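For reference, the structure discussed in these notes is given below.
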Amino acid sequence: MEKHATATDEELVNQVRSGDKEIYAELVRRYEPKLLRYASSLLNDREIAMDAVQDTFIKAYVNLNGFNSKRRFSSWIYRILHNEAMNLLKKHHREVKFPEGFDAADPNHFEVELSRKETIKMVHKCLDKIPIKYAEPVALFYLEDKSYEEISDILRIPAGTVGVRINRAKKAMRMTCQEMK
Amino acid sequence: MPRNEVDLTREVMEKIRAGEVKMRSRWYFVGGSAAMLVGVIAALVLAVFAVSLISFSLRTHGPMGSFRLQQILASFPWWAPILAIVGLGLGIWLLRRYDFSYKRNFSYLVAVALVAIILAGVAIDYLGLDDIWLKRGPMRQYMQQFGAGMGRGNNMGGRNGMGPGGVSGTTPR
């Protein structure tokens with residue numbers, strides 16, 4: 001597998017599509033920790049997250065010929081995991097609402113800006129206290145280091161909406177985290 | 001026993017090696033894309049057709065049409081606007097689900113599509129291009145019945161109406 005270490009994801013996909021199934025193991029190895037971390041942050045259950053990630057890799061393999069190698073493999077596989085996670089959350093009826101009295105549009109709510117490091121700490125602690133619609137872009141931006149453009153591709157929402165959701169999520173998390181102290 | 005991350009790679013690869021999981025052929029996706037394209041085009045054609053029919057229906061009631069509301073309502077092809085809405089909805093759903101249209105302002109895209117459909121429908125009716133529907137295509141039978149009911153059809157001649165010189169008409173084509 002050493003010889004594949006320098007190949008891009010998209011090059012590996014093309015090799016798998018050409019018939020070399022074993023190369024898919026390299027893609028699984030590359031993405032397993034990232035996808036598992038992301039799924040665990042959304043689903044709050046390591047076992048369910050592992051099932052979601054396994055199903056993601058299987059669905060990605062089955063549909064590999066449908067992947068457009070001019071696009072990013074990373075966004076594509078995160079998108080599959082997003083769909084899996086959404087299905088599982090619906091199945092387990094997990095619905096979190098904004099805290100009582102929270103007005104996301106109110107600019108007076110928690111004016112203090114946190115550093116990125118502090119925000120990441122807050123995300124680890126409070127991500128499961130906000131609605132999934134807001135938790136997802138925050139997890140992708142702060143925990144997975146994805147750009148707005150990539151998050152837009154994964155969640156299929158405009159980049160501007162990504163920014164709005166992240167800001168609202170941060171405000172909601174600050175409020176929730178403060179209440180928890 | 002709790003699973004670990006090494007198991008996950010092994011489990012996935014074992015299923016692939018054993019042939020339990022197979023890659024779909026390229027043709028499956030080519031067929032899917034073609035079906036989607038046909039679906040979107042059909043939805044748009046249906047929407048344009050419905051608008052041209054509505055425009056025709058409203059126009060044939062003449063200058064005193066507003067005083068004959070009951071008559072218009074009674075003969076109005078209600079299925080046409082429903083079909084237009086369903087067609088447009090289907091087209092939008094297909095685009096949202098499979099395309100990267102989210103990168104653009106979606107409400108702007110919908111507004112442009114609606115204006116284009118309405119303009120195309122009205123233009124087709126006023127230019128008489130909808131006579132094609134009378135002669136061929138899946139809507140021929142309905143259009144002939146509808147045209148006959150409204151004083152227009154294959155056996156009724158082409159376009160009839162009131163002009164400055166009196167009643168005008170065309171010979172059957």
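Assorted remarks:
- A 1.4 Å probe over all protein chains sorts B:Glu14, A:Glu32 by accessible area into B:Glu14, A:Glu32, starting with the largest.
- Taking all protein chains as they are arranged and a probe of 1.4 Å, the heavy atoms of A:Ile48 leave approximately 50 Å² accessible to solvent.
- Once all protein chains are placed together, A:Arg71 keeps about 100 Å² accessible to a 1.4 angstrom probe.
- Pairwise burial A:B, computed as accessible area of each alone minus the pair, summed, 1.4 Å, Å²: 2800
- Share of carbon and sulfur in the accessible heavy-atom surface of region A:2-91 [1.4 Å probe, %]: 47
- The accessible area of A:Glu47, taken with all protein chains in place and a 1.4 Å probe, comes to roughly 80 Å².
- Other protein chain Cβ atoms within 10 Å, averaged over every residue that makes up A:16-29: 3
The values are calculated or read from the model by the stated rules, or taken from the named source; none is laboratory data. Remember, predicted model here, so these are calculated numbers, not experimental data. Positions of Cβ are backbone-derived with ideal geometry, glycine not excepted, and every protein chain shown enters the neighbour counts. These accessible areas exclude ligands, DNA and RNA; they are computed on the full protein's heavy atoms, side chains included. Shrake-Rupley method; radii C 1.70, N 1.55, O 1.52, S 1.80 Å.
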